[in-house]
Amino acid sequence: MIITVTLNPALDKTIEIDEFKIGNVNRVKSTRVDVGGKGINVSKVIKELQNKSLALGFLGGSSGNRIKTYLDDSNIDNEFLFIKGETRTNIKIIDNVNNTHTDINENGPSVTLEDISNMKEKILKYCRADSLVVLSGSVPSGTSSNIYGDIIQEIKNKGGKVILDADGEMLMQGIKAGPYIVKPNIEELEKAFNVVIDNEAKVIETAKKILEFGVEYVVISQGSEGSIVISNDKIAKVKGLKVEVKSTVGAGDSMVAALAVATESNYSFEETMKLACATSAANVMTEGTQTGRLIDIEELKKQVTIKYL
């Protein structure tokens, strides 16, 4: 079973503005609102890949009810804990003239120690020895930077595996707990190890440090350039695919979803990376935080090239 955990979900409001100017009146060209939060995005893509997941996390207020309704209507299994406060709304400003993408993210509601304890109990309730748990995204205020590390350790104690996609201190603390897969981008890698990464050799050198904590695979996403994948016995460069870009929001989540599906299905290394690359590329071909289409993913998989370093 794949379990996705979204501790700080959101409604993602995407606004398209040509020639967006700070400090000026801007005219909106188009608007759309999607259900989001990194773990929820992962569950949406898992469904598009014709697999099932159980989505867990915190929800609150009318925005939370809207997310719950969407998941139910989409036949995505879910069991969220409702807390006080309002689930956040994130604004994404897309300027196709200047080719810019601006994120304005709310912090989200606060949680109590009781909320956190109840969430850990719920995750462990569903976690089995064959479970794969995706921990991704930001966390609400009131949680410690070690929350992912604590959850990873408890999941591993039950025999489960974890894919971690986090930022800052939460990423570093999570790495120390030894998840199965870690998926940072370059910026997240730099922040976690307090280094400047300006070439491929530095990417590999830094990523190898993560393996020392018992991590099996490190997948470094590099946007349009593709990704670098490192394990104890291989280093591979997956070349990015050239596609029409409509929105980059959720591309990393799509990659995580593909990694989860491939891991649970025991795909080979190359099958896994082809699916991850194609699923991420298909995502940027859609507007807002919509998932890529399976028909596009299958076609893009044929174009993926992998070079061993």
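The values are calculated or read from the model by the stated rules, or taken from the named source; none is laboratory data. Just so it is clear, the structure is predicted and the values come from calculations on it, not from any experiment. Heads up, the Cβs are rebuilt from the backbone with ideal geometry, glycines too, and the neighbour counts pull from every protein chain shown.
Is one or more of the residues making up the stretch 195-209 in contact with a Gly (Cβ under 9 Å, 6 or more places away or on another chain), without any contact (Cβ under 8 Å) to a residue 60 or more places away in the chain and within 26 Å of K156 (Cβ to Cβ)? Walk me through how you get there before you give the answer.
Residues of the stretch 195-209 that are in contact with a Gly (Cβ under 9 Å, 6 or more places away or on another chain), as a first pass: none.
Looking for residues that are in contact with a Gly (Cβ under 9 Å, 6 or more places away or on another chain), without any contact (Cβ under 8 Å) to a residue 60 or more places away in the chain and within 26 Å of K156 (Cβ to Cβ), one finds none in the stretch 195-209, hence no.
Pick from N96, N51, N105: which is in contact with a Ser or Thr (Cβ under 9 Å, 6 or more places away or on another chain), among the polar types (S, T, N, Q) and at pLDDT below 95? Give the steps one after another, and end with the answer.
Working: N96 fails: in contact with a Ser or Thr (Cβ under 9 Å, 6 or more places away or on another chain); N51 fails: at pLDDT below 95.
Only one candidate qualifies: N105.
Scan the stretch 172-195 for residues that are in a helix (DSSP H, G or I) and crowded, with 23+ Cβ neighbours inside 10 Å and report the count. Please lay out each step first, then the result.
First, pick out the residues of the stretch 172-195 that are in a helix (DSSP H, G or I): 172-176, 186-193.
Retained after the next criterion (residues that are crowded, with 23+ Cβ neighbours inside 10 Å): 174-175, 192.
Looking only at that region, the number is 3.
Quickly run through the stretch 264-298 and pick out the residues that are out of contact with any strand residue (DSSP E or B) (no Cβ under 7 Å at 6 or more places or on another chain), farther than 18 Å from S224 by Cβ and surrounded by fewer than 21 Cβ atoms within 10 Å (Cβ to Cβ).
Within the stretch 264-298, S265, N266, Y267, S268, F269, E271, R293, L294, I295, E298 meet the criteria.
Which is within 21 Å of the chain's Cα centre (by Cα) and crowded, with 20+ Cβ neighbours inside 10 Å, of T102, T87? Before you say what the answer is, go through the steps one by one.
Details: T102 fails: crowded, with 20+ Cβ neighbours inside 10 Å.
Checking each option against the conditions leaves just T87.
I need the full set of residues from the stretch 107-119 which are surrounded by 15 or more Cβ atoms within 10 Å (Cβ to Cβ) and among the charged types (D, E, K, R), in order please.
Across the stretch 107-119, the qualifying residue is only D115.
What's the number of the condition I46 fails, among (1) β-branched (V, I, T); (2) modelled with pLDDT under 95; (3) in contact with a helix residue (DSSP H, G or I) (Cβ under 7 Å, 6 or more places away or on another chain)?
Going through the list (1) β-branched (V, I, T); (2) modelled with pLDDT under 95; (3) in contact with a helix residue (DSSP H, G or I) (Cβ under 7 Å, 6 or more places away or on another chain), I46 breaks only (2).
Go through the stretch 1-14 residue by residue and tally those that are surrounded by fewer than 20 Cβ atoms within 10 Å (Cβ to Cβ) and not in a loop (DSSP other than H, G, I, E, B).
Of all residues in the stretch 1-14, those surrounded by fewer than 20 Cβ atoms within 10 Å (Cβ to Cβ) come to 1, 13.
Narrowing further to those that are not in a loop (DSSP other than H, G, I, E, B): 13.
Residues in the stretch 1-14 being surrounded by fewer than 20 Cβ atoms within 10 Å (Cβ to Cβ) and not in a loop (DSSP other than H, G, I, E, B): 1 in total.
How many of the residues making up the stretch 16-45 are in a strand (DSSP E or B) and farther than 30 Å from E79 by Cα? Step through it out loud before you land on a result.
So in the stretch 16-45, the residues in a strand (DSSP E or B) come out as 16, 30-36.
Those still in the list that are farther than 30 Å from E79 by Cα too: 16, 30.
So the count comes out to 2.
Would you please name the residue that is farthest from T6 (Cα to Cα), looking only at residues in the stretch 235-263 that are surrounded by 18 or more Cβ atoms within 10 Å (Cβ to Cβ) and charged (D, E, K, R)?
K237
What number of residues within the stretch 140-173 are acidic (D, E) and more than 17 Å from the chain's Cα centre (by Cα)? Talk me through it step by step, then tell me what you get.
Going through the stretch 140-173, the residues acidic (D, E) turn out to be 150, 154, 165, 167, 169.
From the residues that got through so far, the ones that are more than 17 Å from the chain's Cα centre (by Cα) too are 150, 154.
Residues meeting the conditions: 2.
If you go through the stretch 162-171, how many residues are surrounded by 21 or more Cβ atoms within 10 Å (Cβ to Cβ), outside any helix (DSSP H, G or I) and in contact with a Gly (Cβ under 9 Å, 6 or more places away or on another chain)?
4
Would you mention how many residues in the stretch 275-291 are assigned to a loop (DSSP other than H, G, I, E, B), closer than 16 Å to K38 by Cβ and in contact with a Ser or Thr (Cβ under 6 Å, 6 or more places away or on another chain)? Give the steps one after another, and end with the answer.
Let us first name the residues in the stretch 275-291 that are assigned to a loop (DSSP other than H, G, I, E, B), namely 285-291.
Filter again for closer than 16 Å to K38 by Cβ, leaving 288-291.
Subsequent filtering for residues that are in contact with a Ser or Thr (Cβ under 6 Å, 6 or more places away or on another chain) retains 288.
Looking only at that region, the number is 1.
So for the stretch 32-44 (the condition being over 18 Å from the mean Cα position of the chain (by Cα) and of a type in the set (D, E, K, R)), does at least one residue qualify?
yes
Would you check which residues across the stretch 187-224 are touching a strand residue (DSSP E or B) at 6+ places or on another chain (Cβ under 8 Å) and more than 21 Å from A260 (Cβ to Cβ) and list them?
Taking the stretch 187-224 first, the residues touching a strand residue (DSSP E or B) at 6+ places or on another chain (Cβ under 8 Å) are 189, 200, 203-204, 207-208, 210-211, 215-223.
Passing the criteria: E200, V203, I204, K208.
What number of residues in the stretch 46-55 are of a type in the set (S, T, Y) and assigned to a loop (DSSP other than H, G, I, E, B)? Step through it out loud before you land on a result.
To start, the set of residues in the stretch 46-55 that are of a type in the set (S, T, Y) comprises 53.
If we keep only those that are assigned to a loop (DSSP other than H, G, I, E, B) as well, we get none.
Residues flagged as of a type in the set (S, T, Y) and assigned to a loop (DSSP other than H, G, I, E, B) within the stretch 46-55 amount to 0.
For the stretch 126-148, how many residues meet the condition of being under 28 Å from N105 (Cα atoms), part of a loop (DSSP other than H, G, I, E, B), small (G, A, S) and touching a residue at least 24 places away in the same chain (Cβ under 8 Å)?
5
Name the residues in the stretch 198-230 that are polar (S, T, N, Q), under 20 Å from the mean Cα position of the chain (by Cα) and either surrounded by fewer than 21 Cβ atoms within 10 Å (Cβ to Cβ) or within 16 Å of I175 (Cα to Cα) (or both), would you? If you could, list the steps in order and put the result at the bottom.
Going through the stretch 198-230, the residues polar (S, T, N, Q) turn out to be 199, 206, 221-222, 224, 227.
From what is left, the residues that are under 20 Å from the mean Cα position of the chain (by Cα) are 221-222, 224, 227.
Q222, S224, listed by residue number.
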